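Asker: One structure, as structure tokens, below. Some questions next.
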Amino acid sequence: MSGHEQGHAAERPRARSHLIRGGALLAAVAGISSLHFVTDPSRIVLHEVYNYLCYVPIIFGAYWYGAWGGVAAAAITSAAFIPHIRGMWIHNEAYSASLYAQVVVFHVLGLTVGLLVGAQRRLTARYRDAATSLERANRELRDSREHLRRADRLSALGEIAAGLAHEIQNPLAGVKGALEIIASRVKQGTPEAEFAGIGGRELARLEGLVGEFLTYARPHDPALRPADIHEIVERVAALLRAEAERKAVTLVFERPAGLSPLSLDAEQITQVIFNVVLNGIQATGAGGRVRIRESVEPGWGVVDVIDEGPGIRPEHALRIFDPFFTTKPRGTGLGLAISQRIVIAHRGTIEALPGSPTGSVFRIRLPLPDSVAGAS
Ligand SMILES: Nc1ncnc2c1ncn2[C@@H]1O[C@H](COP(=O)(O)OP(=O)(O)OP(=O)(O)O)[C@@H](O)[C@H]1O
Ligand SMILES: [Mg+2]
């Protein structure tokens, strides 16, 4: 259903309720007037009761449609009431006068009730707005508490990791040297050579891990220089081409023209995009695609990495940027934590959104050069 049709569908019940209310008001006025006309003038008490009943449609008119509704209902009621005064009470001057006074009261009442109802409604709307903005403020507070909690943990963890990684690096270098000497002395093709090879590979992995630790724990400030995000995406694609082919995943680029150079640390942002695209490839099944879309929003250069994986489980959503959170057997859980640190140091944002219809979208926003100047 289009937005236009939806608008019409919402109008229909409202129009029907106006029709019902209008009909009820007219029926009430017509009913009371007929009672006046069919009741003998000698039954004055009954006529008094009908006079008071006339206030009912006026009050409802004012309640439903405000001051204008009240006055309109009073006018309609009067239009039915005045012929009755002239027809039945023309010879009783005092009583006629009191009935005319009642016609004036109809209008005053309709107007007053309508104005009061209007004021009350405005007050209610103000309270409702206040409640909504309070709710929003509350939500923002909760979010920022969550950020603080994470930042706190990050800094404590950063110190431990930095110290530990540093201490590990030296013995690691020693072991690596020793292993190289052993490897150079054993004969190729022997089991010893094979073990030395395994040792070497595992050591390299450990070195990589320690390196990542240090990047995470001791982030250096980004060295901002004008750089083309487009070239960075190309570089990442070249680095990950083999991985994508191995998993039979196609990398697709979408880039509308006009994304001007951003002010960034190309090496760090390469690492961010690399991590996110690699996650996308890992999540996507064979035959699927990972799309990398560059775009511009007011104040931001945006890179979306869109995968066709299973998406992020709701219970993981709050944790994927936490250091060491991983669901992969050989993952370190540092990829997104490092990426988020780098992006924040660039005064940008990174967020995970649900993909459509499946998968996930990682949206990286980096400030356009003007807004960096404006922010500092
Ligand atoms: N595109 C994605 N689709 C689904 N889940 C994802 C995606 N990207 C990240 N995740 C989830 O977030 C977790 C953390 O990701 P992160 O990149 O930080 O670590 P990792 O990929 O597990 O390990 P590492 O990147 O250090 O090798 C992942 O283990 C995975 O559960
Ligand atoms: Mg990863």
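The values are calculated or read from the model by the stated rules, or taken from the named source; none is laboratory data. Model, not experiment: these values are computed from the prediction. Every residue, glycine among them, receives a Cβ derived from its backbone with ideal geometry; neighbour counts consider all protein chains shown. Quick note on the areas: whole protein, heavy atoms, side chains included, nothing else; ligands and nucleic acids left out. Shrake-Rupley method; radii C 1.70, N 1.55, O 1.52, S 1.80 Å.
Asker: For the stretch 9-50, what is the accessible area per residue in Å², given a 1.4 Å probe and the full set of protein chains?
Answerer: 67
Asker: On to the next question. Tell me, what is the Rg over Rh of the stretch 3-137, with Rh the Kirkwood radius over Cα pairs?
Answerer: When Rh is taken as the Kirkwood radius, the ratio is 1.15.
Asker: What's the percent breakdown of Cα-Cα distances in the chain across 10 Å bins, shortest bin first?
Answerer: All Cα pairs considered, the percentages come to 4, 15, 17, 14, 10, 8, 8, 8, 7, 4, 2, 1, 1, 0.
Asker: Kindly rank 165-172, 333-340, 260-267 from highest to lowest mean number of other beta carbons found within 10 Å of each residue.
Answerer: Top of the packing list down: 333-340, 260-267, 165-172.
Asker: In terms of Cα to Cα distance under 23 Å, which lysines are near enough to Lys328, apart from those fewer than 8 places away along the same chain?
Answerer: Output for Lys328: Lys247.
Asker: If the only charges are +1 at each Lys and Arg Cβ and -1 at each Asp and Glu Cβ, what is the size of the charge dipole of the stretch 145-217 around the Cα centre, to the nearest 20 debye?
Answerer: It comes to approximately 120 debye.
Asker: Which helices, taking whole DSSP H runs in the chain, have alpha carbons extending 27 angstrom or more along the helix axis plus mean Kyte-Doolittle at least -1.0?
Answerer: The answer, listed by residue number, is 3-38, 55-88, 93-185, 191-217.
Asker: Give me log10 I(q)/I(0) at q = 0.14, 0.15, 0.25 Å⁻¹ for the stretch 53-120, Debye formula, one equal scatterer per alpha-carbon, no solvent.
Answerer: Summing over Cα pairs of the stretch 53-120 leads to -0.41, -0.45, -0.92.
Asker: Choose one of Ala257, Leu366, Ala67: the residue whose Cα lies farthest towards the positive end of the charge dipole of the chain (beta-carbon charges +1 Lys, Arg; -1 Asp, Glu; about the Cα centre).
Answerer: Farthest towards the positive end: Ala67.
Asker: Treating only the Cβ atoms of Lys and Arg (+1) and Asp and Glu (-1) as charged, compute the dipole magnitude of the chain about its Cα centre; round to the nearest 20 debye.
Answerer: That gives a dipole near 720 debye.
Asker: While we're on this one: Going from the alpha-carbon gyration tensor of the stretch 145-217, what semi-axes, largest first and in whole Å, does one get by taking the root of 5 times each eigenvalue?
Answerer: Rounded to whole Å, the semi-axes are 37, 12, 6.
Asker: Considering only protein heavy atoms, what per residue accessible area in square angstrom results for the stretch 225-375 with a 1.4 angstrom probe?
Answerer: 49
Asker: Could you work out which residue, out of Pro323, Pro41, Pro222, moves most in a Gaussian network model of the chain, that is, has the largest mean-square fluctuation with Cα springs under 10 Å?
Answerer: Highest fluctuation among the options: Pro41.
Asker: Could you tell me, in Å, what Rg and Dmax come out for the Cα atoms of the stretch 201-297?
Answerer: Gyration radius and largest Cα-Cα distance of the stretch 201-297: 15.2, 45 Å.
Asker: Going by Cα centres, the stretch 146-200 and the stretch 303-370 are how many Å apart?
Answerer: Centre-to-centre distance over Cα atoms comes out at 27 Å.
Asker: Follow-up question, since we're still on this one. Is it possible to state the helix-based mean residue ellipticity at 222 nm for the chain, with each DSSP H run of 4+ residues giving -39500 (n - 2.57), the sum divided by total residues, to the nearest 500 deg cm²/dmol? What is it?
Answerer: Value at 222 nm, helices only: -24500 deg cm²/dmol.
Asker: What do you reckon, how do His220, His18 stack up by accessible area (1.4 Å probe), largest on top?
Answerer: His220, His18
Asker: Over the stretch 225-375, how many percent of alpha carbon pairs lie in each 5 Å bin up to the one with the longest distance?
Answerer: Result, from short to long distances: 2, 10, 19, 23, 21, 15, 7, 2, 0 percent.
Asker: Provide Rg over Rh for the stretch 173-256; use the alpha carbon set for both Rg and the Kirkwood Rh (inverse mean inverse pair distance).
Answerer: 1.15
Asker: Let me ask something additional. Can you give me the % of accessible surface on the chain that is carbon or sulfur? Probe 1.4 Å, all protein chains present, nothing else counted.
Answerer: 61
Asker: Now, a different point. Using the crude model of +1 on Lys and Arg Cβ and -1 on Asp and Glu Cβ, and no other charge, please compute the dipole size for the stretch 225-375 relative to its Cα centre, in debye to 20.
Answerer: With only Lys, Arg, Asp and Glu charged at Cβ, the dipole is about 380 debye.
Asker: Additional query: Send over a whole-number figure in Å² for the accessible area per residue of the stretch 145-217, probe 1.4 Å.
Answerer: It amounts to 69 Å² per residue over the stretch 145-217.
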